[in-house]
Amino acid sequence: CKAPPELEPGFVAFSSRSNLTAYRAAIQYHCRHPYYHMAPNSTATYTCDASGVWRSEELGTKLPSCRPVCGRPARPLPGIIKRIIGGRNAEPGFFPWQALIVVEDMSRVPNDKWFGSGALLSDSWVLTAAHVLRSQRRDKTVIPVSKEHVTVYLALHDVRNKMEAVNRTVERIILHEEFDIQNYNHDIALVKLKEKVTMGNYVMPVCLPQFEHELEGPHPNMLGLVAGWGISNPNITVDEIISSGMRTLSDILQYVKLPVVLHAECKTSYESRSGNYSVTENMFCAGYYEGGKDTCLGDSGGAFVIQDPGTRRWVAQGLVSWGGPEECGSKQVYGVYTKVSNYVDWVEKKTGSSDRWTFLDPELER
């Protein structure tokens, strides 16, 4: 047989010491554990047959692939029982899916610069909010910013060390076709990276809702985590942050734990305010009745993640979308999130993938 083909990002091991490729020699493929898993789940053992071809009993001549494992940080997130007031510094590797999205619109005078967050979904796709990547036009049309003006940073902990982070330029931006800039309905977008990223302790995708109970969306009082660099000043709303450029960044990634609020309670709290606020079925709210600046912590487009109690993996159930109009942290001013479970089909359709990020632990499948 010829030398066996490579498997990226994995490796091949020979069963004989001398790396024999003779008739009946055997090889086995492995994925880089624990960051990748093999699909389909098989022993990936191949033998050199009489016709000089590497063949597997399970897969024939087809090679398996190594897919990124999602939602399993190498550094487990701490179980927080008590409330964190105003956020806490994250440790490196707590949120390996967290992306910083920086937009510099050079076509505007003066140059426009703003930022948001996103969540890594696979080795080449990032999920974020549509309003982060909408071109800031006066005519209210919904067109994405030019992809040349966007940089995505991963494995970033302290923004002062941006140069050391993994950074990628963008191949494509997809805003939801029905995104409404009046009420932020369908506030969801996808970014395709020009070059794939390699998974490790500090870069790992978050899981999309997959099981039936996850696809129902988050239930009231469930606790989720939100991370971000954005809001070190509790009196700044999301829109002000976007328009003020990078000045409000907290240097170190922060995170907070927030409870999901009953939909009716959130709707009522916004309907009682002046202004045309609409909490649709594509949104949910999180925060505390009495307010507190912790509700303001996440950056626009960042993921609200909930740990699945069965699989222990972290699932993106929300994206930071909007809040206000009072000072962030006022009583009964909840943060509003895009309900990701309503968009799983949309994501799969746009990325042309359904199983690329549906990682099930082989142990859980048995």
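Apply the a/c threshold of 1.5 to the C-alpha gyration tensor of the range 10-68 and tell me whether it is rounded, prolate or oblate. Because a/c hits 1.5 or more and a/b fails to exceed b/c, the range 10-68 counts as oblate. Is there a pair in K113/K267; K140/K257; K162/K194 whose C-alpha atoms are over 26 Å apart, and which pairs would that be? K113/K267; K140/K257, as the Cα separations exceed 26 Å there.
FRET efficiency for the E290 to D180 pair, using the beta carbon distance and R₀ = 25 Å, is estimated at 0.25.
For the peptides 123-136, 254-267, residues were scored by their other Cβ atoms within 10 Å and the scores averaged per peptide; the highest-first order is 123-136, 254-267.
Protection proxy ranking of 57-65, 94-102, 303-311, by the mean of other Cβ atoms within 10 Å over each peptide's residues and highest first, is 94-102, 303-311, 57-65.
Here the range 121-138 and the range 9-68 have alpha carbon centers that stand 38 Å from each other.
Among the listed pairs K147/K331; K62/K339; K2/K349; K196/K339; K62/K196, give every one whose C-alpha distance is greater than 31 Å. Pairs exceeding the cut-off: K147/K331; K62/K339; K2/K349. The ratio of the alpha-carbon radius of gyration of the range 98-204 to the globular-protein estimate 2.2 N^0.38 Å is 1.06.
Read the figures in this text as sums done on the coordinates, not as results from a lab. Note that the coordinates shown come from a computational prediction; the quantities given were computed from them, not determined experimentally. Here the Cβ is made from the backbone with ideal geometry for all residues, glycine too, and neighbour counts use every protein chain on show.
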